[in-house]
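Worksheet for the structure shown next.
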Amino acid sequence: MKIEVIENNKILVNSSKENFEIHPLWLRERAKTEDLMDKLTEQRIYDPSALNKSIKIKKANLKADMLNIEFTDGIFSEFKVSELCKELDTEKMKKGPVDEKIMWDSKLNYRPTAKFNNDYESKETFEMLKKFHKYGFVIITGVPTKNNYIVDFANSIGVIRPTNFGVYFDVKSIPDYNDLAYTPRHLYPHTDNPYRKPVPCIQLLHCIENEVSGGLSTLVDGFAVADCLRENFKEYFDILTSTKVRFRFIDKEIILENWGELIEIDENEKVKQIRFNTKVDYVPHLKNENLEKFYKAREKMGELCSSKNFELKFKLMPGDLLMMDNYRTLHGRTAYDASEGMRHLQGCYIDYDSSEGKLMHLLRKFG
Ligand code: OGA
Ligand code: ZN
């Protein structure tokens, strides 16, 4: 993308996709003089809606990365060309700080891992968060296993989203359980808590003890599975992206419900969110033929998620912390025998905005 000043002080953008003139008001809104913008917060101290809509550019001067502009209302401001170009690439901007997502299946040789580093302002934390955004998961090794350290960790890279399971929860086999995760049972591939509003974005599972021979962790790239369905089983893909299902959690204290598609797509048909949890889904009574299609489609999706082609299977060791995108990946666990010893994980949720905000902050430092 290139920016140039042409006759009549017009600012022209040339990109591979299109050429267009930047609207003077669009630039004027971004003017950064002390009277217009608070220096500390970069927030406007005037109402831009009240600007005269006929403001034009009186003079424009482009030198290297600097564009100096005098507007017809007497305001002078300078703009960094590189920053303007970044903002003018709307599609790229919308993708967020890490635009490159790497889809994977069980052939993924590279494992996104990171060594624990308690300096959350470090380049290592930056690299770790980038891996998470690219692959939808990262395993951090050597995270302290004492004093519910997961809470510190989560609040240092984001902000914890508490739920009725608490600020964090202990995943171990207990007699008085309110979720099958707290038993030694096999857990089919699932996304967590599709019954919440909104569904928690990022899940952390931190292994404290793991003395049993079973209890292996499984992980699948749900976006890759959805794309496989779209390519090879279009009819299934269509029913899963068009049927809103009710998800429900119930215990003695609360009933939680939310509705959504098993595969949600955006306006460009790109996969946006996976909700897959066969423990707690209730499809409405569709027409019989659609119900039959739905059941076959859900079965196929579950089959792919548990298949050798897509599933990663590994054992979490004490200190390992698995950070997963709960809108993209599905996780699960093989059954275990609780009489063999302790298996204890701690879990919690964080939202996207806080961890993405942290990544953008580190990008400003190291990017
Ligand atoms: C969970 C869960 C997996 C495990 O708590 O949400 O899926 O490995 N646990 O115990
Ligand atoms: Zn789970």
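Some points to look at:
- Residue tally, condition more than 30 Å from V212 (Cβ to Cβ) and of a type in the set (A, V, I, L, M, F, W, C), over the range 343-367: 5
- Filter result (surrounded by fewer than 13 Cβ atoms within 10 Å (Cβ to Cβ) and without any contact (Cβ under 8 Å) to a residue 12 or more places away in the chain) within the range 27-48: E34, D35, D38, K39, L40, T41, E42, Q43, I45, Y46, D47
- If you go through the range 169-200 and keep only what is within 12 Å of R343 (Cβ to Cβ) and assigned to a strand (DSSP E or B), you end up with D170, V171.
- Flag for R161 being closer than 30 Å to Y120 by Cα, under 23 Å from the mean Cα position of the chain (by Cα) and either at pLDDT 95 or above or not charged (D, E, K, R) (or both): yes
- Among the residues making up the range 28-78, those that are within 26 Å of N8 (Cβ to Cβ) and β-branched (V, I, T) are T33, I55, I57, I69, T72, I75.
- Residues that are among the basic types (K, R) and either assigned to a loop (DSSP other than H, G, I, E, B) or under 13 Å from the mean Cα position of the chain (by Cα) (or both) within the range 102-138 comprise K107, R111, K130, K131, K134, listed in sequence order.
- If you go through the range 252-264 and keep only what is over 18 Å from C305 (Cβ atoms) and surrounded by 12 or more Cβ atoms within 10 Å (Cβ to Cβ), you end up with L256, E257, N258, W259.
- In the range 339-352, the qualifying residues are those that are in contact (Cβ under 8 Å) with a residue 60 or more places away in the chain and more than 12 Å from ligand 1 (Cβ to nearest atom), and the one that is farthest from the chain's Cα centre (by Cα) is E340.
- Residues that are among the polar types (S, T, N, Q) and assigned to a strand (DSSP E or B) within the range 322-367 comprise T329, Q346, listed in sequence order.
- Qualifying positions in the range 209-242 - basic (K, R) and either crowded, with 22+ Cβ neighbours inside 10 Å or in contact with a strand residue (DSSP E or B) (Cβ under 9 Å, 6 or more places away or on another chain) (or both): R230
- Cβ separations smaller than 7 Å between residues 6+ apart or across chains give the following pairs from the range 154-178 residues that are under 25 Å from E257 (Cα atoms) to residues that are exposed (fewer than 15 other Cβ atoms within 10 Å of the Cβ): N164/E253; N164/I254; N178/D251.
- Condition met for H206 (surrounded by fewer than 22 Cβ atoms within 10 Å (Cβ to Cβ) and either at pLDDT 95 or above or more than 10 Å from ligand 1 (Cβ to nearest atom) (or both)): no
- Unmet requirement for M301, which otherwise passes all of (1) of a type in the set (A, V, I, L, M, F, W, C); (2) closer than 12 Å to P189 by Cα; (3) outside any helix (DSSP H, G or I): (3)
- Residue check for L330: more than 17 Å from C201 (Cα to Cα) and within 13 Å of ligand 2 (Cβ to nearest atom): no
- Per the listing E211, E121, the residue uniquely on the phi < 0 side of the Ramachandran plot, within 16 Å of ligand 1 (Cβ to nearest atom) and at pLDDT 95 or above is E211.
- Looking only at residues in the range 12-26 that are assigned to a strand (DSSP E or B) and in contact with a Leu (Cβ under 7 Å, 6 or more places away or on another chain), the one that is surrounded by the most Cβ atoms within 10 Å (Cβ to Cβ) is V13.
- Taking (1) in a loop (DSSP other than H, G, I, E, B); (2) away from ligand 2 (no atom under 16 Å from the Cβ); (3) on the phi < 0 side of the Ramachandran plot; (4) surrounded by fewer than 17 Cβ atoms within 10 Å (Cβ to Cβ) in turn, K279 satisfies each apart from (2).
- Which listed residue is outside any loop (DSSP other than H, G, I, E, B) and of a type in the set (V, I, T), from I55, I69: I69
- Residue within the range 305-314 that is under 18 Å from A114 (Cα atoms), within 16 Å of ligand 2 (Cβ to nearest atom), among the acidic types (D, E) and touching a strand residue (DSSP E or B) at 6+ places or on another chain (Cβ under 7 Å) present: no
- Looking across the range 184-199 at every residue that is within 10 Å of ligand 1 (Cβ to nearest atom), of a type outside the set (S, T, Y) and buried (at least 17 other Cβ atoms within 10 Å of the Cβ), the one that is farthest from N258 (Cα to Cα) is identified as P184.
The values are calculated or read from the model by the stated rules, or taken from the named source; none is laboratory data. Computed from a prediction, not measured in an experiment: that's the story for all the values here. Positions of Cβ are backbone-derived with ideal geometry, glycine not excepted, and every protein chain shown enters the neighbour counts.
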